[in-house]
Amino acid sequence: MKEYSTDKIRNVVLASHSGAGKTILCEALLHFTGATTRMGKIEDGTTASDFDEEEIRRKISLYTSVIPVEYRDSKINFLDTPGYTDFIGEVISSMRVAEGVVVLVDAVNGLEVGTEIALNYCSKMNMPRFLLINKMERENANFQKSLASVQEFSDVRLIPVQLPWGEKLEFKGVIDLLSMKAYKGDGKTAEEIPAEFKAEADEARAKLVEAAAEGDDTLLEKYLDSGALTDEEVIKGLAEVVRSCSYMPVLVSAGHTGVGVLKLLDTILDLIPSPASAEAVVAEGKAGEEKLEAKDNGPLAVYVWKTTADPFVGKQTYFRIYSGTVAADSRIWNQTKQMEERIGTIGVPRGKEALGIKVAHAGDICIVPKLTETSTSNTLCDKAHPLTLPIPEYPTALYSVALFPKTQGDSTKITSTLHRLVEEDMTLKWYNDGTTLQTILQGLGDQHIDVAIRRAESKFQVGIILHEPKVSYQETITKSASAMHRHKKQTGGSGQFGEVHLKVSPITDKEFEYTWDVFGGAVSQSYSSSIQKGIATVMKEGVIAGYPVSGVHVSVFDGKEHPVDSKPVAFEVAGRKAFEEAVREAGPVLREPIMLVHITVPEINMGDVMGDLNTRRARIQGMETEKGHSVVTATVPLQEMLRYTTTLRSITGGRGVFRMELDHTDVVPAHIAQPIIDARTKEMENRKEE
Ligand SMILES: Nc1nc2c(ncn2[C@@H]2O[C@H](COP(=O)(O)OP(=O)(O)O)[C@@H](O)[C@H]2O)c(=O)[nH]1
Ligand SMILES: [Mg+2]
């Protein structure tokens with residue numbers, strides 16, 4: 001592919017609710033700019049964006065694809081993102097490396113929840129944005145209604161820069177308010193605005209000029225004096241109000257038929273900043289913050305926003321150059337990993353293809369194969385001029401599953417596979433739970449986990465079984481108790497003898513404490529470490545329910561030894577048994593983790609959310625309402641929160657979010673603890689029978 005200089009590049013995210021037509025829009029953009037001879041179809045799995053086998057199978061986008069579109073001597077890198085909430089991480093990573101977002105709505109459905117979420121991230125990340133009302137040719141398409149549904153939600157004012165030339169089956173083209181011309185079909189040729197739309201267009205144009213005048217003071221002055229601006233001034237002013245996120249231009253299209261697609265490109269080139277004119281990014285350098293402008297001769301600063309590992313194709317690293325240039329056959333310093341990487345070939349990604357180039361310029365998005373250690377969110381730079389680029393904030397993964405290998409062979413591969421998966425995806429985490437001895441994978445929802453597991457199975461050939469994770473309960477005691485145990489085996493051969501008397505008492509400030517309080521030398525203190533060893537085994541394995549014991553003080557206060565038969569192992573057994581018995585006598589209970597949960601939901605869902613929390617043993621700490629949103633703070637046992645992601649989504653239609661952290665542990669109420677204890681007792685009995 002041709003090389004493009006910084007001012008000829010645009011990086012634009014396509015974001016919306018799933019199904020608004022982003023992927024098909026990309027097909028149309030490629031086709032109507034002459035890059036492809038025909039448009040692919042979702043139904044046939046033939047689009048440039050959705051090339052992954054899982055995407056083809058599900059007929060939805062799961063990963064961001066880069067679709068570069070060459071037009072008017074420039075290149076627009078479209079980042080086609082998935083719309084489903086579980087994959088919001090892909091949208092965040094894409095926004096991180098783009099200068100603008102085109103937010104789509106389906107002209108029949110209007111604003112949908114996935115689009116609300118995309119708009120919220122646009123605001124959070126300060127992204128210049130367009131609203132594209134798509135599928136205008138559909139029966140029941142309604143421009144005004146769709147526009148109103150977004151305006152009601154958006155904190156940025158909408159300003160039409162186009163009007164639809166007809167609607168539904170009559171949707172012929174777009175009336176462009178920037179040039180005050182009408183464009184039929186894909187929009188190659190301009191014609192006069194049809195008479196029946198003239199008045200409406202004049203009125204909309206007046207509003208557009210007024211919005212543009214807000215762009216800067218001289219424009220405003222001129223506008224107030226003369227009541228008019230030239231076409232260039234309108235574009236200049238609008239570009240400014242778009243860049244400052246004061247306004248969101250509104251456009252129309254039907255990706256499917258190609259109507260409006262070229263005018264979309266024209267408007268992007270006019271109004272969305274190129275990397276050269278965008279805000280400088282702030283990197284962390286040796287001597288503090290450094291502002292980086294997208295310039296070829298600036299210090300090298302490259303951000304890795306996406307990586308994919310594939311055992312057949314190898315590793316692919318997608319990066320965005322913030323400053324400097326990257327050439328094929330060169331070396332680059334990975335500042336995050338503190339190591340050098342070799343760059344062989346570089347390319348411009350287009351779906352699954354990589355179109356080779358020799359040099360990539362500041363502002364561009366490229367792909368390199370076979371970087372060994374580089375993972376998503378790393379910064380690459382010049383070793384002599386170290387820089388670290390900021391990483392965006394991702395939602396925390398709160399949907400957990402426990403993973404088990406299907407076969408012995410799988411168990412050896414699980415760790416390395418999980419390592420690969422989380423390296424690619426900033427919203428996926430895994431760890432081994434030391435208490436429950438389970439391998440836990442955490443993601444944003446069941447679909448997210450499902451896709452990750454399928455990826456592990458198909459790409460890395462690892463068989464995985466999923467279970468609901470166990471909560472890491474703890475056993476503890478509520479009162480003091482004493483017990484003794486005599487371990488005696490003195491029939492035939494060498495004998496064993498050890499007797500231990502001990503007392504357990506609850507403590508709150510420590511997990512465990514041990515004291516040797518034997519007076520008069522009934523037992524030699526040299527057996528103390530063996531006794532402790534016996535106790536430690538029980539502490540780990542638990543007494544009543546198989547969970548670790550904590551919050552116990554043990555005092556060994558008496559015992560007996562035999563001059564010949566006493567040996568360490570005998571005292572270890574005696575210590576273990578005595579401790580077990582003492583714990584059983586000391587009012588043992590289970591403790592559970594209690595989470596501090598913050599839930600944000602639309603105000604109208606508040607009642608349902610509270611009602612549901614009541615069934616989850618929640619204690620409400622606070623409630624606030626602000627701008628139509630309510631925030632509930634509550635402490636809730638972790639056990640009750642395991643599948644809350646799914647519940648909250650269904651109560652709020654996907655609009656609710658929550659986060660949580662460990663607050664404290666508390667005693668599990670008897671009616672909940674008993675079944676857990678019973679299950680454990682049964683399990684132990686079964687084990688004995690085996
Ligand atoms: N009627 C109509 N259907 C469309 C249009 N664009 C896309 N579609 C269909 O809408 C569905 C979702 O499209 P897709 O591009 O996958 O949406 P995405 O999830 O936003 O990427 C597919 O069945 C498309 O064929 C359009 O302009 N008009
Ligand atoms: Mg898609």
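Readers should treat all values here as calculations from the given coordinates under stated rules, not as data from a laboratory. Keep in mind the model is a prediction, meaning the values are calculated, not measured. Methodologically, a virtual Cβ is constructed for each residue, glycine included, from the backbone with ideal geometry; neighbour enumeration extends over all protein chains shown.
Worth pointing out:
- Rounded to the nearest angstrom and listed largest first, the equivalent-ellipsoid semi-axes of the chain from its Cα gyration tensor are 63, 28, 23.
- Label-zone membership for segment 390-409, site LEU466, 7 angstrom Cα→C-beta point, backbone N under 20 Å: 395-407
- Positive contributions from Lys and Arg (+1) and negative ones from Asp and Glu (-1), summed over other residues with Cβ under 13 Å from the Cβ of THR508, come out at -2.
- Residues whose amide H lies under 5 Å from that of VAL259, counting only those 5 or more places away or on a different chain, are ALA254; hydrogens are built 1.01 Å from N in the peptide plane.
- Over 18 Å between alpha carbons, listed pairs LYS8/LYS291; LYS41/LYS306; LYS489/LYS560; LYS172/LYS236; LYS222/LYS263; LYS8/LYS75: LYS8/LYS291; LYS41/LYS306; LYS172/LYS236; LYS222/LYS263
- With θ taken as phi - 60° and the Karplus curve 6.51 cos²θ - 1.76 cosθ + 1.60 applied, the whole-hertz 3J(HN,Hα) list for segment 241-251 is 6, 6, 4, 7, 6, 7, 9, 10, x, 10, 10 Hz, x standing for glycine and proline.
- Mean separation of Cα contacts under 8 Å, 6 or more apart, over the residue count of segment 285-388: relative contact order %: 36
- A DSSP coil position with no more than 13 other Cβ atoms inside 10 Å describes the following GluC sites (Glu not before Pro) in segment 142-244: GLU192.
- Nonlocal amide H pairs with LYS41, under 5 Å, H built at 1.01 Å: THR46, THR47
- Zone of SER529's modelled label, taken as backbone nitrogen in segment 561-591 under 14 Å from a point 7 Å along Cα→Cβ: 568-569, 572
- Segment 39-67 and segment 214-279: distance between their alpha carbon centers, rounded to Å: 32
- Each of SER530, SER524 was scored by other Cβ atoms within 10 Å of its Cβ. Arranged with the fewest first, they read SER524, SER530.
- Every pair of different Cα atoms in segment 474-570 enters the Kirkwood calculation, which places the hydrodynamic radius at 14.3 Å.
- Bridges between two residues of segment 6-271, per DSSP, are antiparallel at a rate of about 45%.
- Segment ASP517-THR415, length gained on full extension (0.36 nm per residue, minus Cα span): 32.1 nm
- Neighbour net charge for LEU389 - beta-carbon separation under 11 angstrom, K R +1, D E -1: 0
- For segment 284-367, the calculated P(r), taken from all Cα-Cα distances in 10 Å bins from zero up to the bin holding the longest distance, is 16, 51, 27, 6, 0 percent.
- Database remark: amide H of GLN438 closer than 5 angstrom to the amide H of ASP433 (H placed geometrically; neighbours at sequence offset of 5 or more, or on other chains; Pro and chain starts carry no H).
- Cα-Cα P(r), segment 203-280, percent of pairs per 10 Å interval: 18, 45, 28, 8, 1
- Among beta bridges from DSSP that stay inside segment 159-279, the antiparallel ones total about 85%.
- Aspartates and glutamates whose Cα lies under 18 Å from that of LYS168, excluding same-chain neighbours fewer than 8 positions away: ASP106, GLU137, GLU139, ASP186, GLU196
- Calculated from backbone phi, Karplus (6.51, -1.76, 1.60) coupling profile of segment 30-39 in Hz, x at Gly/Pro: 5, 5, 7, 9, x, 7, 10, 8, 8, 8
- Sum of side-chain charges, ASN11 neighbourhood, beta-carbon under 11 Å (Lys, Arg +1; Asp, Glu -1): +2
- Sequentially through segment 62-76, phi angles give Karplus couplings (6.51, -1.76, 1.60; θ = phi - 60°) of 10, 10, 6, 10, 9, 10, x, 10, 9, 7, 6, 6, 10, 10, 10 Hz, Gly and Pro residues having no value and appearing as x.
- Applying both filters, DSSP loop and at most 15 other Cβ atoms within 10 Å, to the GluC sites (Glu not before Pro) of segment 36-120 gives GLU43.
- What the pair-distance distribution of segment 346-391 shows, using all Cα-Cα distances binned every 5 Å from zero, is 5, 16, 22, 27, 21, 7, 2 percent.
- Packing around the peptides 458-465, 287-294, taken as the average count of other Cβ atoms within 10 Å per residue, puts them in this order, highest first: 458-465, 287-294.
- Placing a label point 7 Å from the Cα of SER480 along the Cα-to-Cβ direction, the residues of segment 491-531 whose backbone N falls under 12 Å of that point are 503-507.
- Close Lys pairs in segment 326-402 (alpha-carbon distance under 18 Å; sequence gap of 8 or more, or different chains): 4.
- In terms of packing, defined here as the mean over residues of other Cβ atoms within 10 angstrom, the peptides 496-503, 143-150, 271-278 line up highest first as 496-503, 271-278, 143-150.
- Residue-averaged [θ]222 nm for the chain, counting only DSSP H segments that reach four residues, each worth -39500 (n - 2.57): -9500 deg cm²/dmol
- Nearest-20 debye value, segment 28-84 charge dipole, Cβ charges on Lys, Arg, Asp, Glu: 180
- Added length on full extension, which subtracts the Cα-Cα distance from 0.36 nm per residue, LYS560 to ARG584: 6.4 nm
- Intensity falloff of segment 493-548 expressed as log10 I(q)/I(0), Debye formula with alpha-carbon point scatterers, at q = 0.18, 0.24, 0.31 Å⁻¹: -0.79, -1.16, -1.40
- Cα centroid separation, segment 73-137 to segment 384-454: 26 Å.
- Within the same chain, lysines fewer than 8 places from LYS479 are excluded, and of the rest, those with a Cα less than 17 Å from its Cα are LYS503, LYS510.
- Listed peptides 171-182, 253-264 by packing density, highest first (mean Cβ within 10 Å): 253-264, 171-182
- Using the Cβ-Cβ distance between SER494 and GLU457 with R0 = 51 Å, the FRET efficiency computed as 1/(1 + (r/R0)^6) comes to roughly 0.40.
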